[in-house]
């Protein structure tokens with residue numbers, strides 16, 4: 001099965017620095033195959049034939065801790081789940097000079113459609129959708145500071161997600177399918 005590991009909080013603001021070559025080596029040492037990293041924000045595409053997603057997280061987190069000396073939460077998505085998320089992103093939603101568009105991947109304990117009710121969405125500013133264990137958010141860049149979604153930072157829910165922009169999400173899916 002092909003997976004993507006989305007590491008939370010690495011290489012952000014100079015904290016939890018993780019070298020992608022060393023990260024790749026840590027995954028290989030943990031028994032993963034066809035390991036590739038994508039950009040410097042902790043995205044690892046790999047294959048594992050004999051373990052389920054639930055049985056992969058702990059060994060991968062332990063391998064990262066052993067290699068780098070600090071704990072990094074790892075969220076896994078298989079190719080089927082990533083395809084469902086990719087399909088749910090409207091084709092015209094981009095992360096570009098005018099629009100901010102992110103995918104907030106949720107840990108399983110908070111991944112449910114009703115999570116939308118916990119958000120402070122301003123319908124005149126924010127567009128937010130739930131799709132297969134993720135929130136997809138679009139806002140005009142000129143309105144970001146007025147977005148209700150900015151109040152998410154620092155909340156318990158915020159700590160149970162890892163965020164990638166839609167361009168990165170689409171590229172990860174493309175790499176998983178290749």
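The values are calculated or read from the model by the stated rules, or taken from the named source; none is laboratory data. Values in this document were obtained by computation on a predicted structure and should not be read as measured data. Methodologically, a virtual Cβ is constructed for each residue, glycine included, from the backbone with ideal geometry; neighbour enumeration extends over all protein chains shown.
Residue by residue, here is whether (1) crowded, with 19+ Cβ neighbours inside 10 Å; (2) assigned to a loop (DSSP other than H, G, I, E, B); (3) assigned by TED's automatic domain parsing to the domain that holds residue 28 holds:
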residue: 63; (1), (2), (3): yes, no, yes
residue: 66; (1), (2), (3): no, no, yes
residue: 85; (1), (2), (3): yes, no, no
residue: 116; (1), (2), (3): no, no, no
residue: 120; (1), (2), (3): no, yes, no
residue: 123; (1), (2), (3): no, yes, no
residue: 144; (1), (2), (3): no, no, no
residue: 151; (1), (2), (3): no, no, no
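Does residue 77 count as farther than 18 Å from residue 163 by Cα and out of contact with any helix residue (DSSP H, G or I) (no Cβ under 6 Å at 6 or more places or on another chain)? No.
Taking residue 54, is it under 17 Å from the mean Cα position of the chain (by Cα) and free of Cβ contacts under 8 Å to residues at least 12 places away in the same chain? Answer is yes for this residue. Kindly evaluate residue 45 against the criterion of being outside the structural domain of residue 9 (by TED's automatic domain parsing) and in contact with a strand residue (DSSP E or B) (Cβ under 7 Å, 6 or more places away or on another chain). For residue 45, the condition - outside the structural domain of residue 9 (by TED's automatic domain parsing) and in contact with a strand residue (DSSP E or B) (Cβ under 7 Å, 6 or more places away or on another chain) - is not met. Among the residues making up region 1-19, those that are surrounded by 20 or more Cβ atoms within 10 Å (Cβ to Cβ) and either in a strand (DSSP E or B) or not assigned by TED's automatic domain parsing to the domain that holds residue 47 (or both) are 3, 4, 5, 6, 7. Provide a single number: the residues in region 163-174 that are surrounded by 16 or more Cβ atoms within 10 Å (Cβ to Cβ) and in a helix (DSSP H, G or I). Of the residues in region 163-174, 6 are surrounded by 16 or more Cβ atoms within 10 Å (Cβ to Cβ) and in a helix (DSSP H, G or I). Residue check: residue 40 meets all listed conditions (1) under 26 Å from residue 138 (Cα atoms); (2) touching a residue at least 40 places away in the same chain (Cβ under 8 Å); (3) outside the structural domain of residue 129 (by TED's automatic domain parsing) but one, namely (2).
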